[in-house]
Every structure is written in C-alpha cells, then in structure tokens.
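Step one of this worksheet: look at the structure below.
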C-alpha cells in the first residue's frame with residue numbers, strides 16, 4: 001500500500017471475495033469474462049494429465065488437469081441428466097487413471113476426449129466434449145490462471161457525501177424493479193457495488209417485501225419468520241422493536257448463515273425522529289487499516305462472541321470484528337447490542353487482549369459514526385431500502401411514539417440466493433455491462449484507488 005492518506009484513497013473500487021469465515025459463496029457465483037483467453041489452440045495428454053493452450057494466453061505453463069478430473073466432469077447425456085442436470089455416476093466409479101485414446105481441439109475451439117475401456121459406461125469407448133465456454137470457466141476458477149483472472153462485481157467504498165452526491169442513480173421505481181429489465185440489472189449491480197439501493201413507489205402491502213425479494217430469489221427463513229414487522233411495543237424481545245436510539249450494527253451475527261441482504265419497507269413513518277442510519281463498514285475498516293494499523297490487526301485476530309437467548313431461541317457464534325483476505329478487509333462483524341461476554345483465554349492473544357480490543361473497537365466505532373461517514377435518511381411510506389448486511393451497518397435515531405406510528409416490514413436474503421441470481425442474470429444476458437464493472441482478483445489496489453479517486457474528482461470539476 002502506498003503512503004497516501006486515507007482521504008486520498010477514499011471511495012475505491014473494492015473486490016469482494018467470499019468471507020474466510022463462511023467461505024460459502026460458490027465459484028460459479030462469480031460471472032466469468034469468457035472471451036479473455038480466446039479459442040483453445042492446442043491440447044496434449046501426458047502422464048495422466050491434459051494440458052490446454054489458449055490463443056490469448058502466452059505462458060510456459062499451460063493449464064493442466066488430470067485425466068480423472070476431465071472424466072469426472074463429462075457433460076454428455078450418458079453422464080449428466082439433461083432434465084435435472086445431475087450426475088448419473090459417482091466419482092469413485094471411475095478408474096484411478098482413465099485412459100485417453102485421443103484428444104483434439106474441436107472446430108468451435110472446444111475439447112474432445114475419447115476414453116478407452118471406460119469403466120463408467122461398461123468398458124467400451126466413450127467420448128467427452130467440452131465447449132470453449134466451459135473450458136474458460138474451468139481455467140479461470142480451477143486452473144493455473146485462476147489467481148490472475150478471477151472476476152467479481154466491483155465495490156465502491158463511500159462516505160456520506162459520496163453516496164448523497166448522486167443518490168438518485170441508486171434509486172429505482174418499484175415498477176422498474178419488478179419488470180426485471182435493464183434498470184433492474186443496473187440496480188442489482190449497484191447493490192453489489194455500493195451495498196445499498198432504494199426502491200420507491202412500493203405498494204402499501206404486507207406482501208411487497210416478498211415480491212421485491214422474488215426478483216432475486218427466496219427470502220431467508222429465520223426465527224423471526226420469512227418477513228417481520230418493526231413496530232415499537234412494550235417488553236420488546238429486540239431493541240429494534242422499541243423507540244430507543246439504535247446504534248450502528250448488523251443483524252443476526254449470532255447465526256452461522258448471517259443474512260447477506262436486508263430489505264426494509266416503510267409502511268408508516270409519522271413519528272418525530274426515527275431516521276435510518278447507514279455506514280460503509282468496509283470503508284471504515286480500510287481507514288482503520290491505513291491510519292491505525294495496530295488497531296486493525298487486533299480487530300482481525302480477536303474473536304468476538306455474539307448471542308441471542310430470548311423466548312425459547314438460543315443462538316451463538318464467534319467471529320472477529322473484521323474479516324480479511326489477502327491482507328484486506330472483506331467483511332465486517334459489528335453488533336454491540338448482541339455481543340456476548342468474551343471467552344477468557346489469555347493465551348489466544350496474549351495478556352491484556354481485551355484492553356487492546358476495547359481501544360481498537362473505540363477507534364473503529366468513531367470512524368463508523370463520524371458524521372462525514374454516516375448516511376442519515378428518513379424512509380418515507382412507499383420506499384424500500386435494500387442493503388448488504390455483511391458490509392453496511394445500519395441504525396436508527398430515537399423517535400416519539402406519542403404522535404403517530406412508525407411501521408417497517410423487513411426480510412432477508414442469504415448468500416447463496418444472491419450468488420445464484422448473479423449467475424442467472426449473467427446467463428440471461430441481463431448483465432451486459434458486467435465486464436465493465438469487474439476487477440481482477442490480483443489487480444493493483446493502488447491503481448483501483450487512483451481510478452475511482454479520479455472519477456470523484458472529475459465529478460467535482462463538472463460541478464464547478
């Protein structure tokens with residue numbers, strides 16, 4: 001990382017990878033750029049391995065896969081049911097060293113392998129054909145090129161001014177969202193990129209949350225139900241169901257499968273107060289890493305316990321406040337209202353670890369809650385906000401229940417469902433601009449910072 005100040009690095013594109021804690025998002029969730037390598041131009045088989053050379057990939061080390069892997073991955077109708085997409089055999093049915101009788105490049109730039117004495121299909125010859133697109137995806141995710149050309153939707157880290165600068169660009173009408181066209185695809189990508197989008201013109205119906213979520217996939221079932229209401233009430237089982245100030249936090253960190261997307265639909269908001277608060281946790285984590293590196297290290301190493309234990313529901317999980325990959329933050333876990341007592345283990349992080357964690361956590365909280373970093377927005381009836389619960393922290397100002405009603409209805413979408421939607425839309429061609437909104441897994445972080453900083457400066461120059 002360069003010696004730039006954090007303000008010089010603000011609003012950088014962020015390449016989000018699956019959390020090292022959950023590691024649950026499948027590789028297929030990352031949409032490929034299938035033309036990057038070009039056609040397959042050469043194939044060879046030697047010592048139980050198939051080697052592939054592509055026209056746009058110049059290297060001394062071609063992508064290499066075992067014969068066993070290719071036989072196990074055969075796509076033909078004898079091996080995979082066309083209707084269900086499920087395999088008709090088990091990997092352990094294959095000979096340990098499948099014999100390749102011949103291999104060649106097809107006219108379409110794909111791969112044809114002919115197997116001799118194929119144990120899966122009864123001992124005769126068997127032909128496997130792998131289309132070019134399949135080969136490129138395989139190389140991208142599993143072969144020697146994976147670490148250089150894996151693509152994910154781009155992230156932009158933001159503060160209050162940067163988000164409000166063009167908030168209308170991250171706002172979509174309910175009708176356009178439900179139509180599922182180009183505007184929906186843009187909003188879907190903005191949800192990945194910025195972590196927060198706003199829908200307007202949402203019908204005043206208890207089914208609207210489920211209808212909105214259906215364009216992505218099914219809602220995630222929790223002990224609150226598929227959907228739930230946020231209304232102030234006495235003896236509330238959750239601080240969200242009171243009229244008290246609600247500090248910045250994330251939901252359900254005591255669950256292994258923490259929700260990925262949260263939806264909040266405003267049905268009524270007649271009270272004084274009750275503004276929604278949002279802060280970009282990844283931006284705050286990177287600022288902490290840049291300006292307070294020792295604090296950052298503490299928050300990435302010390303496990304924090306989260307729990308819930310009311311009304312017959314008992315949940316517990318443990319994770320660091322900041323999860324990182326390749327030395328950079330990829331996820332934040334921050335929920336003071338649901339934090340459990342720390343596990344006393346003086347050998348895990350040395351003596352005084354709780355004091356060090358406390359000091360680091362205070363610095364991190366100060367960054368999160370700095371007015372310049374925190375978006376404050378009053379939801380109006382007919383609006384629904386969607387945000388990344390693993391990145392964007394949310395809260396609420398206190399409100400007065402003596403005059404009027406505040407009623408929100410919410411729901412969650414999990415990691416797998418969001419990842420599946422990304423693949424589905426990519427296959428449908430709905431994400432045509434995706435290639436322009438991707439970053440390389442091992443691209444220069446400094447270059448990404450510079451490019452987005454230039455984008456913000458250009459906007460400022462246009463305004464001037």
Task: Burial order of peptide ranges 409-416, 44-51 (average beta-carbon count within 10 Å, highest first) - done: 409-416, 44-51
Open item on the list: Antiparallel versus total DSSP beta bridges in region 153-453: what percent is that, nearest 5?
Closed with: 95 percent
Open item on the list: Report the per residue volume, in Å³, of the convex hull enclosing the C-alpha atoms of region 153-453.
Closed with: 137 Å³
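First obtain the Kirkwood hydrodynamic radius of region 268-408 from its Cα pairs, then insert it into the Stokes-Einstein equation at 25 °C and 0.890 mPa s, and state the resulting D in µm² per second as a whole number. Present the calculation step by step, with values, prior to reporting the outcome.
Values: Rh = 16.9 Å.
Stokes-Einstein gives a translational diffusion coefficient of 145 µm²/s.
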TODO: Take the Cα atoms of region 34-142, build their convex hull, and give its volume per residue in Å³.
DONE: 106 Å³
Task: Global form of region 173-332, assessed from the alpha-carbon gyration tensor, a/c cut-off 1.5 - done: oblate
Task: Highest average packing first - 178-184, 267-273, 247-253, Cβ atoms within 10 Å - done: 247-253, 267-273, 178-184
Open item on the list: Given a Förster distance of 56 Å, report the FRET efficiency between residue 61 and residue 318 from their Cβ-Cβ distance, rounded to the nearest 0.05.
Closed with: 0.85
Open item on the list: I need the peptides 381-389, 420-428 ranked by packing, meaning the mean over residues of other C-beta atoms within 10 angstrom, with the highest value on top.
Closed with: 381-389, 420-428
- [ ] Calculate the spin-label point distance for residue 405 paired with residue 427, positioning each point 7 Å from the Cα along the beta-carbon direction, and give it in nanometres.
- [x] 4.3 nm
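None of the figures in this text is laboratory data; all of them are computed from the coordinates on show. For clarity, every value in this text was computed on a predicted model and none was experimentally measured. Glycine gets a Cβ as well: all are built from the backbone with ideal geometry, and neighbour counts include every protein chain shown.
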